[in-house]
Amino acid sequence: GLAETLREHGRVTNEVRTMGPAPAPAPVAERLHLPPGTDVLYIERLRRLNGLPLSLDLTYVPLDIGTELLGADLENTDVFRLLEAVTGQRLGHAEITLEAVSADTHSAAVLEAPRGAAVLMLERLTHLADGRPVDLEFIRFRGDRITMSGLLHRNR
């Protein structure tokens, strides 16, 4: 999760802006292996690093698991830790896509960025250890406040 990743860079805080059941848009339902229109738990959070807006996170969780998160303290607890606790499983793997996009009106307002500003959009589909997709997130990071880096290993 973000707080784990950035702990050396400062304090990450979460503001839950919206949380509740909602019909899954068709692409979301497909990625989560659910029938179209199935209700999912939708969570919108503003994440701050040292008080400055860093990311707008839109999260979709299958409702059979998501219902357990409704009373959880998402402002102080990472969603990934809660998913592991609720399911009794460790998270397995995640598929990620990262692209630069222009901030839409909503994202720009929430992130306190100019409309059309560059944002890094991370799409992440996280699976439980048994392979079940359990969390689909669309995370828009302010492009002027984050750098992504990684280490790649070649498989032979």
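Points worth noting:
- DSSP-defined beta bridges in the chain - what % are antiparallel, rounded to 5: 100
- With every protein chain in place, the range 2-142: carbon and sulfur % of accessible area (1.4 Å): 51
- The distance from the alpha carbon centre of the range 95-152 to that of the range 22-91 is 14 Å, rounded to a whole number.
- Based on DSSP H segments of at least four residues, each scored -39500 (n - 2.57), the chain has a per-residue ellipticity at 222 nm of -4500 deg cm²/dmol.
- Computed over the chain, the P(r) tail beyond 25 angstrom holds 30 percent of alpha carbon pairs.
The values are calculated or read from the model by the stated rules, or taken from the named source; none is laboratory data. A quick note: this is a predicted structure, and the numbers were derived from the prediction, not measured. The accessibility values were calculated without ligands, DNA or RNA, using every heavy atom of the protein model including side chains. Shrake-Rupley method; radii C 1.70, N 1.55, O 1.52, S 1.80 Å.
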